[in-house]
1. With the crude spin-label approximation of a point 7 Å out along Cα→Cβ, what separation in nm comes out for residue C:136 versus residue D:102?
2. In nanometres, what is the gap between the two model label sites at residue B:8 and residue D:7, each 7 Å from Cα along Cα-to-Cβ?
3. Between copies, how close do the residue B:11 label points come, placed 7 Å along Cα→Cβ, listed in nm from shortest?
4. Kindly provide the helix-only [θ] at 222 nm of the protein assembly as shown, computed as the sum of -39,500 (n - 2.57) over DSSP H runs of four or more divided by all residues, to the nearest 500 deg cm²/dmol?
5. Cα axis of helix C:63-79 to longest principal axis of chain C: angle in degrees, 0 to 90, nearest 10?
6. Let me make sure I get this right: for the protein assembly as shown, a, b and c are the square roots of the gyration tensor eigenvalues over alpha carbons, sorted descending. Under 1.5 in a/c it's rounded, otherwise prolate if a/b > b/c, else oblate. Which is it?
7. Take the alpha carbon gyration tensor of the stretch D:1-66, find the square roots of its eigenvalues, order them as a ≥ b ≥ c, and report rounded if a/c is under 1.5; if not, report prolate when a/b exceeds b/c, else oblate.
8. What ranking do C:107, B:66 get, fewest neighbouring Cβ atoms within 10 angstrom at the top?
């Protein structure tokens with residue numbers, strides 16, 4: 001889905017280090033085993049290996065966990081475009097679950113559609129990967145708010 | 001939000017045991033520490049104690065975890081109204097995060113708005129509770145699909 | 001749905017005249033025949049009479065028209081709480097259509113759930129009324145942005 | 001957005017005539033001046049010329065009207081893939097308004113993401129076109145239900 005979109009110019013040249021530090025502070029991401037694998041301006045990709053501890057009653061990865069990595073991938077995509085002293089928060093998102101998250105791993109790709117100063121509109125796609133076959137299992141549309149002057153990790 | 005709604009008659013008199021068994025099979029719910037506390041026809045309530053392992057970068061409970069318990073509370077509210085041989089799956093949901101999940105515990109209340117045969121429309125509210133003061137921190141609207149003839153825990 | 005919510009104190013004592021003037025500038029509302037019937041702080045109600053010109057292929061009122069009055073009712077509910085020099089715009093909304101809009105008239109009730117300074121979170125319910133029997137036909141959840149210092153009708 | 005998607009094989013070889021006949025029965029589409037311009041399997045495009053009668057208080061095309069054509073474009077995209085005796089209805093949609101609908105005309109492009117037998121998941125993008133410059137003004141994500149055995153225009 002990436003090639004149709006405009007390329008973005010980051011306001012913070014050190015966006016990657018800043019976003020990775022924020023991700024590392026999210027204990028919930030470590031709890032489920034999520035990894036922030038790729039970052040570009042306006043784009044973030046999170047990978048998640050299958051593990052029984054994150055499953056639902058049929059043995060697939062829980063839909064709520066799918067939502068967590070979709071939300072995070074798109075939120076961090078937005079965060080790549082904000083100034084260095086700015087954190088982001090999710091105003092809202094809408095997730096469609098298209099198929100069971102039946103894979104050895106999941107890949108969540110978040111991207112910015114519209115980078116406003118206060119609000120950034122994003123979307124994400126989540127794929128379940130089994131034996132290198134990719135199946136789209138969720139799509140999300142999201143609104144992110146930039147908190148100017150509020151760095152991550154500060155009270 | 002409950003008193004405005006019609007009361008529902010469950011099709012399965014043993015809905016509570018069935019729904020609790022399904023919840024207990026969701027390892028992801030155990031991972032985050034969620035408990036299914038209350039069940040009535042068309043209603044489910046999930047509680048979640050604060051724990052550092054489920055936090056985001058500011059120390060509050062992660063928005064994705066808030067989404068998980070909202071999704072589950074509303075999905076199990078729907079599941080109370082389906083026949084005994086029917087499991088449910090989330091088609092989609094939309095979550096607004098209204099305030100940081102800043103509480104000693106969270107309470108997610110899910111309820112059915114419209115119980116169709118194939119699709120059930122639900123909503124949820126999540127409260128952060130601190131020193132017995134309740135603050136509304138998220139609202140969700142959701143579509144659930146009933147899988148007739150497909151019990152939970154069967155392949 | 002109104003009695004569960006906190007009462008709101010309007011910042012602009014003349015909110016009703018201001019909101020009605022804004023509604024009257026919306027030619028699209030006149031085109032479909034919508035009327036702004038009731039206003040209270042944090043609440044707005046729009047009525048719409050059935051007319052063949054606003055129908056879909058089965059003769060019911062078009063779902064898009066249902067969305068228009070739900071969006072407007074909740075947006076104007078938000079507008080009752082903003083300062084006098086502030087207009088509002090819809091950031092996003094999510095609408096579930098529960099039943100055909102099969103009535104002699106529709107009633108859309110919008111209300112504010114969370115009145116922030118920049119963002120206001122709202123919801124709406126739309127009822128189809130036939131022979132004074134009310135049927136819930138749509139529910140909506142919405143995010144509104146306040147444009148401080150930008151009055152309605154100014155460029 | 002079209003080239004990333006799989007091509008679809010229609011079940012009804014006469015899908016185009018069927019879908020156009022359904023569109024022509026929607027008086028609400030005529031009321032606002034919407035035209036169904038392009039149809040392919042899994043894709044529909046609706047155009048709408050600017051007219052003062054469909055504006056909001058700032059003179060732009062009303063957000064609710066933007067929602068109407070997004071909803072219809074994606075719904076008819078779904079309808080191209082259903083059997084000949086099947087009508088579709090919108091279960092729900094979520095619309096983000098990204099910019100004012102400031103154009104001489106709007107173009108709404110709807111496409112199917114996932115064509116299930118009962119539910120079809122779709123999305124739409126709406127562009128405002130001024131002097132042949134295209135600006136993305138809305139994005140939508142939607143759930144459509146196929147009503148098998150229920151043709152359009154039958155009671």
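Quick note: the coordinates plus some simple rules give every number you see, no bench work behind them. Since the model is a prediction, treat every value here as computed from it, not as a measurement. When we count neighbours, we look across all protein chains shown, and the Cβ atoms used for this are built from the backbone with ideal geometry, even at glycine.
1. About 4.0 nm, to one decimal.
2. 4.4
3. Those separations, rounded to one decimal, come out as 2.2, 4.9, 5.3 nm.
4. So the calculated ellipticity at 222 nm is -6500 deg cm²/dmol.
5. Taking Cα atoms only, the helix is inclined about 20 degrees.
6. Rounded.
7. It comes out oblate by the Cα gyration axes.
8. C:107, B:66
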